[in-house]
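Structure record follows, encoded as structure tokens.
The values are calculated or read from the model by the stated rules, or taken from the named source; none is laboratory data. Note that the structure is predicted; figures quoted are calculated from it, not measured. FYI the Cβ positions are ideal-geometry reconstructions off the backbone, even for glycines, and counts take in every protein chain you see.
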Amino acid sequence: MDTSYLSSQVSTIIGQLHGLFDEIGVPSHERETRESEVGYLELIIFQLLADFSQLFAALSETLHNQVRLVTAEKDDMTEEGKRIITTIKQMEASLDDIKTRNGHEVDDEDLKITFPLTRCLQGLKDKHLQISKLHRERFEQVKSESDRPKILERSRANNLQNSFKHSNLTHPISSRRSSRLLYLLPHQMRVFHLPSTFPRHT
């Protein structure tokens, strides 16, 4: 703080006192006493001004530090809001349509930084939870649809295997009939060598 103006004001007042002493004609011994008192007051005032200047500088620095800290906090909150908006837009882009289960659309016009920042961030976080839930449901739906053919194919294979086992258990094929079948299908069972004739059934 610049205290030169205050110092000049004090000096002007001290000069006025000396002039008044001259005009009154204060005796020299009394004038010395009065001037010493004025000088003592002048010394106190200038000391107070110096102390006040230092105190003001310290207070000013403290306030500026607080401004810098709060400004950094504001910037951090703003960046957090921008990151949330970017994430929401990326998740929206991965969906076919942007609708919640209740049929409400996520309004892109609300995806912007507004003040106060605390309320803005809370709103953005709520929208992020909403779109995350929708994104997760859509992912599970797509995953279920992609897995369905495999499940059906596996189920058919199991059914065919079970049917084949059940057929063998309930309708066993006789060795003679099996031999004839093998004989009729030589191109499928080439490892077997069957006789060209079979004994007649007696």
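Quick rundown of the values:
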| quantity | calculated |
| --- | --- |
| Residue that is surrounded by the most Cβ atoms within 10 Å (Cβ to Cβ) [pool: residues in region 39-95 that are in contact with a His (Cβ under 7 Å, 6 or more places away or on another chain), in a helix (DSSP H, G or I) and not polar (S, T, N, Q)] | I88 |
| Region 60-102 - residue that is more than 15 Å from the chain's Cα centre (by Cα) and hydroxyl-bearing (S, T, Y) and, of those, modelled with the highest pLDDT | T71 |
